[in-house]
Amino acid sequence: MAYGYTWYDELRIFLFKDLPNFLKNIWRFRKALWNHHWWDYNGTLRFIEISTEHMAKNLKVKGNEVEKPRFKKVDKMNRVVEILKNIREDRYFDIVEKELGRGYNTSKIEFVPCEDKPDYFELVDYDSDEEKEFNNKYFNRVTELENEEWNELWEILKGQDYDKFDKEKDWDDQFDGSGMRGWWD
């Protein structure tokens, strides 16, 4: 029992605050709960996405903090949500397609019988060197973008090193809104 609360107060808090919040959270996280598996990190990312999106919406509208740093936090939270959606929904192929003006070439491959071994087949790729080069460039860019956003995600969540702030400058001008430990109201 918490200090200063009677059993009646504890029961009232449970029934009118904690239990409704728990039920709201079950509803809010229903998709993440349904799709969570121990062997797949996608569900874990979904929990982070849902809670960050919920926090950003409420901090923007209901937050008590001064507007300038609060909106910087909201912007970073929204960026986290965007990155998480890109990762979970594997949007990088579409992003790179827009970037390069076209998608990768579907390879023209087929299995053909081996001349020297009649019971075996070999895989023959009929793509031109130009198509192979473009596909290589395309997939390298997809991988590069995935890695950039993965690193950006964790940098935003980790936040800035405040020890490196210039003490002569205004804190608000140096603060970029990152740092999950400071995302509270």
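The values are calculated or read from the model by the stated rules, or taken from the named source; none is laboratory data. Note that the structure is predicted; figures quoted are calculated from it, not measured. Cβ: placed from backbone, ideal geometry, glycine included. Neighbour counts: every protein chain shown.
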Across the stretch 1-45, which residue is nearest to Leu84 (Cα to Cα) among those that are in contact (Cβ under 8 Å) with a residue 12 or more places away in the chain and among the hydrophobic types (A, V, I, L, M, F, W, C)? Leu45
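Determine if the stretch 95-105 includes at least one residue that is assigned to a loop (DSSP other than H, G, I, E, B) and small (Gly, Ala, Ser).
Within the stretch 95-105, the subset assigned to a loop (DSSP other than H, G, I, E, B) is 101-105.
If we keep only those that are small (Gly, Ala, Ser) too, we end up with 101, 103.
Yes; the residues of the stretch 95-105 include at least one that is assigned to a loop (DSSP other than H, G, I, E, B) and small (Gly, Ala, Ser).
When you go through Arg12, Arg79, Arg30 one by one, which is the residue that is farther than 28 Å from Ser178 by Cβ and surrounded by 12 or more Cβ atoms within 10 Å (Cβ to Cβ)?
Working: Arg79 fails: farther than 28 Å from Ser178 by Cβ; Arg30 fails: surrounded by 12 or more Cβ atoms within 10 Å (Cβ to Cβ).
The conditions single out Arg12.
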Take the residues of the stretch 1-41 that are of a type in the set (Phe, Trp, Tyr), within 34 Å of the chain's Cα centre (by Cα) and in a helix (DSSP H, G or I): which is nearest to Arg88 (Cα to Cα)? Trp34
Which numbered condition trips up Asn35, out of (1) in contact with a Gly (Cβ under 9 Å, 6 or more places away or on another chain); (2) closer than 30 Å to Phe175 by Cα? (2)
Across (1) out of contact with any Lys or Arg (no Cβ under 6 Å at 6 or more places or on another chain); (2) at pLDDT below 95; (3) surrounded by 10 or more Cβ atoms within 10 Å (Cβ to Cβ), Glu49 clears everything bar (2)
(1) closer than 17 Å to Glu82 by Cα; (2) exposed (fewer than 11 other Cβ atoms within 10 Å of the Cβ): which one isn't true of Lys169, the others all being true? (1)
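When residues of the stretch 46-65 are filtered for being outside any helix (DSSP H, G or I) and free of Cβ contacts under 8 Å to residues at least 24 places away in the same chain, how many remain? Working first, answer last.
Just the residues of the stretch 46-65 that are outside any helix (DSSP H, G or I), to begin with: 63-65.
With free of Cβ contacts under 8 Å to residues at least 24 places away in the same chain added as a condition, the list becomes none.
Number of matching residues: 0.
Condition (residue is assigned to a helix (DSSP H, G or I), among the charged types (D, E, K, R) and exposed (fewer than 11 other Cβ atoms within 10 Å of the Cβ)) applied to the stretch 111-125: is it met by at least one residue? Let's see the steps before the verdict.
Narrowing the stretch 111-125 to residues assigned to a helix (DSSP H, G or I): none.
No: the stretch 111-125 contains no residue that is assigned to a helix (DSSP H, G or I), among the charged types (D, E, K, R) and exposed (fewer than 11 other Cβ atoms within 10 Å of the Cβ).
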Within the stretch 126-138, restricting attention to residues that are in a helix (DSSP H, G or I) and surrounded by fewer than 14 Cβ atoms within 10 Å (Cβ to Cβ), which residue is farthest from the chain's Cα centre (by Cα)? Asp129
The stretch 140-182, subset touching a Pro at 6+ places or on another chain (Cβ under 9 Å) and not in a helix (DSSP H, G or I), residue farthest from Arg79 (Cα to Cα): Phe175
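Residues to consider are Val96, Val66, Val74; find the one that is closer than 30 Å to Asp173 by Cα and surrounded by 15 or more Cβ atoms within 10 Å (Cβ to Cβ). So that I can check it myself, show each step before the final result.
Values: Val96 fails: closer than 30 Å to Asp173 by Cα; Val66 fails: surrounded by 15 or more Cβ atoms within 10 Å (Cβ to Cβ).
None of the others qualify; the one that does is Val74.
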Could you tell me which numbered condition Ile83 fails, if it satisfies all but one of (1) closer than 17 Å to Glu148 by Cα; (2) over 14 Å from the mean Cα position of the chain (by Cα)? (2)
